Amino acid sequence: MKRIGVLTSGGDSPGMNAAIRAVVRKAIFHGLEVYGISYGYAGLINGEIKKMELGSVGDIIHRGGTVLYTARCEEFKTLEGQKKGIEQLKKFGIEGLVVIGGDGSYRGAQKLSEHGFPTIGVPGTIDNDIPGTDFTIGFDTALNTVIDAIDKIRDTATSHERTYVIEVMGRHAGDLALWSGLADGAETIIVPEADYEMSDIIARLKRGQERGKKHSIIIVAEGVGSGFDFGNRIKEEINLETRVTVLGHIQRGGSPSGFDRVLASRLGAKAVDLLLEGKAGVTVGIEKNELVYHDIDEALARKHSIDMEMYKLSQQLSI
Ligand code: F6P
């Protein structure tokens, strides 16, 4: 293998730049040429492909977003789109591809592998919802962004003696909600992976009220529904002054944390090693601090889950 490509796809996440840098530098270290594909699979179809040098990835390790830009691409879900992509890869003499992104990006990588094009997936998403890795690139930074926001909201919640419902991202996964809720001592955490009863949430708020608690933080993962709906239901059922905050895309930006920079560097470099070893159709990950790889079909077939012990702990600590 002499020439590889790299792209970022789907929602951006802090640390993607560090992963691009690792792919480019590790590949050049091994004497390969690297081509950067802009705008994910959309750019691949359109041939937005440029050679990258050592300097192309200078001064980006600390920057959020992705210097390769990103996109969600419907066309690449079609056979025709995939064929166009492969034609472009061949045109540029690219023999292997590293795809950095979430599960939608992995599905594209899976298709390329099925068509016989060596592709490796690197997990980049704030949602932490990719099976086959304990952590995805960007989750830790997003978690800290959420914690910072909740700390600020807590100040005003205390001053005004209010209940705050805070909606956090995560698509169908509750990791951001669970981890930030535990880190911030939220009274209630509502995630898609665990059943909940509105009556229990209200009962918990009432118990707090009875023992003189003046403010509460309730974290709602976007996967269970709108924070505003929860806020309204609380207002209807219990006389508490309630406000709702939807944190939104602030969770996707910012300079990556040390953890994410290191994770991205390790996973990006590992992807290049695997291509050089002749591996294809696999995803890289970290499990118990060991770099691992899994067959992409197997990874995508697994169901995402949260750590239920952690969920139970959050409930025990917020009685
Ligand atoms: O997958 C990352 C993510 O930020 C999810 O948490 C969220 O549901 C989604 O992307 C938002 O997508 P968009 O940026 O297209 O609105």
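Can you show me the helix-derived [θ] at 222 nm for the chain, built from DSSP H runs with n ≥ 4 at -39,500 (n - 2.57) apiece and divided by the number of residues, rounded to the nearest 500.
The helix-only estimate for the chain comes to -13500 deg cm²/dmol at 222 nm.
Tell me which of 13, 86, 284 sits at the most positive position along the dipole axis of the chain, charges placed on C-beta atoms (Lys, Arg +1; Asp, Glu -1).
Positive-end residue among those listed: 86.
If the only charges are +1 at each Lys and Arg Cβ and -1 at each Asp and Glu Cβ, what is the size of the charge dipole of the chain around the Cα centre, to the nearest 20 debye?
Using only the charged Cβ atoms, the result is roughly 760 debye.
So what's the angle, to the nearest 10 degrees on a 0 to 90 scale, between helix 103-114 and the longest Cα principal axis of the chain?
With rounding to tens, the tilt is 30 degrees.
Average projected area of the Cα convex hull of region 78-155, in nm²?
For the Cα atoms of region 78-155, the hull's average projected area reads 6.6 nm².
Multiply the residue separation of residue 259 and residue 241 by 0.36 nm, subtract the distance between their alpha-carbon atoms, and state the gained length in nm to one decimal.
Result for the pair: 2.7 nm of gain on full extension.
Please identify every one of the GluC sites (Glu not before Pro) in region 225-316 that sits in a loop by DSSP and has no more than 14 other beta carbons within 10 Å of its own beta carbon.
Filter output for region 225-316: 241, 277.
In region 208-319, how does Rg compare with the Kirkwood Rh, expressed as the Rg/Rh ratio over alpha carbon atoms?
Rounded to two decimals, Rg over Rh is 1.12.
Along the charge dipole of the chain, pointing to its positive end and built from +1/-1 on Cβ of Lys, Arg, Asp and Glu, which listed residue (52, 264, 131) has its Cα farthest out?
52
Rounded to the nearest angstrom and ordered from largest down, what semi-axes does the equivalent ellipsoid of region 111-175 get from its C-alpha gyration tensor (root of 5λ)?
37, 11, 7
Compute the convex hull volume of the Cα atoms of region 129-216, divide it by the residue count, and report the result per residue in Å³ as a whole number.
Considering the Cα atoms of region 129-216, their hull volume per residue is 92 Å³.
Any idea what angle helix 308-317 forms with the longest principal axis of the chain, computed on alpha-carbon atoms, 0 to 90 degrees, nearest 10?
Helix 308-317 and the main axis of the chain meet at about 30 degrees.
Restricting attention to region 135-243, which trypsin sites (Lys or Arg not before Pro) occupy a DSSP loop and are surrounded by at most 11 other Cβ atoms within 10 Å?
Filter output for region 135-243: 211.
In degrees from 0 to 90, rounded to the nearest 10, what is the angle of the helix 139-160 Cα long axis to the longest principal axis of the chain?
That works out to roughly 20 degrees.
If the chain were replaced by its equivalent ellipsoid, with semi-axes equal to the square roots of 5 times the Cα gyration tensor eigenvalues, what would those be, largest first, whole Å?
After scaling each eigenvalue by five and taking roots: 41, 18, 16 Å.
With charges only on Cβ, +1 for K and R and -1 for D and E, what is the dipole size of region 1-68 about its Cα centre, in debye, rounded to 20?
Dipole magnitude for region 1-68 comes out near 220 debye.
Of the trypsin sites (Lys or Arg not before Pro) in region 1-100, which ones lie in a loop per DSSP and count no more than 12 other C-beta atoms within 10 Å?
Sparse-neighbourhood loop trypsin sites (Lys or Arg not before Pro): 2.
The numbers here are math on the coordinates, done by the rules we state, and not lab data. Everything numeric in this text was worked out from a predicted model, so none of it was measured. Every residue, glycine as well, gets a Cβ built from its backbone with ideal geometry; the counts of neighbours run over all protein chains shown.
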